[in-house]
Amino acid sequence: PEPRLDQTGTFEAVTEYQSFLENYPTSRFADDASQAIFDLQDKLVEKDYLTAKIYYDLGTYTGNASMTSDGRINGNNFLACITTAENILKDYPYTSMREDVSILLLRAKYKLGVESVLEKIEERMRETIDEYYAFKNEFPESKYMKEVEKIYKEASKYVKE
């Protein structure tokens, strides 16, 4: 199914290909099975990426959040985006979408910092700057480098030396 739909069949296919590779590692079809696994995993990444992107696009919308007992809003779309993106990078480290997921993660960390309460801004901007360095090291020739540098410059304004 397309990435936006239920991926139960995709998970099952990955499991079957992995089982095949465990049972027949020297098969003439082993390379094809490995490639199929990577292709199917990229479909799973795309689904998770779309979820993270929805959280990012929702931004500060709080209609889906609940209130804590002391009247604060419980939930944050940027934080949900960050968690989803970090899980993608952890679960699928070799995805072909790694750069796109990483820029979304950097954007979300910056936006979370900007939207934070005063006491948390500096800490979150430091996390943004850490993410900037990670992105720059991994993708030095990125098509997003101009935006990445702008985020770094803006985040640096919030951090005391």
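The values are calculated or read from the model by the stated rules, or taken from the named source; none is laboratory data. Keep in mind that this is a model prediction, so the values were computed, not measured. FYI the Cβ positions are ideal-geometry reconstructions off the backbone, even for glycines, and counts take in every protein chain you see. To get the accessible areas, we keep the full protein, side chains included, count just its heavy atoms, and leave off ligands, DNA and RNA. Shrake-Rupley method; radii C 1.70, N 1.55, O 1.52, S 1.80 Å.
To the nearest 20 debye, what charge dipole does the chain have about its Cα centre, counting +1 at the Cβ of each Lys and Arg and -1 at the Cβ of each Asp and Glu?
680
Give me the percent of the accessible area of the chain that comes from carbon and sulfur atoms, probe 1.4 Å, all protein chains in place.
Solvent-exposed carbon and sulfur of the chain make up 50 percent of the total.
For the stretch 1-65, count the residues as N, evaluate 2.2 N^0.38 Å, and divide the Cα radius of gyration by that value, please.
Compared with the compact-globule rule of thumb, the stretch 1-65 sits at 1.52.
Of the listed values (1) 19.1, 63; (2) 15.2, 48; (3) 14.4, 41, identify the label whose number matches Rg and Dmax of the Cα atoms in Å calculated from this model.
Label of the calculated value: (1).
Mind checking the per residue accessible area of the chain for me, 1.4 Å probe, whole number of Å²?
Roughly 64 Å² per residue, with all protein chains present.
When Lys and Arg each count +1 and Asp and Glu each count -1, what net charge do the other residues less than 13 Å away from ASP48, Cβ to Cβ, add up to?
+1
At 1.4 Å probe size, what's the solvent-accessible area of GLU86? Round to the nearest 10 Å².
80
Could you give the DSSP H helices of the chain that reach 20 angstrom or more along their long axis (alpha carbon positions) and whose average Kyte-Doolittle hydropathy is no lower than -0.5?
Length and hydropathy pass: 8-23, 30-58, 77-91, 98-114.
What's the center-to-center distance, using Cα atoms, between the stretch 90-161 and the stretch 1-54 in Å?
Taking the Cα centre of the stretch 1-54 as reference, the centre of the stretch 90-161 is 29 Å away.
Checking the cross-link filter: which lysines have an alpha carbon closer than 20 Å to that of LYS109, excluding same-chain neighbours under 8 positions apart?
By straight Cα distance, LYS109 reaches LYS53, LYS90, LYS120, LYS136, LYS143, LYS146, LYS150, LYS153, LYS157, LYS160.
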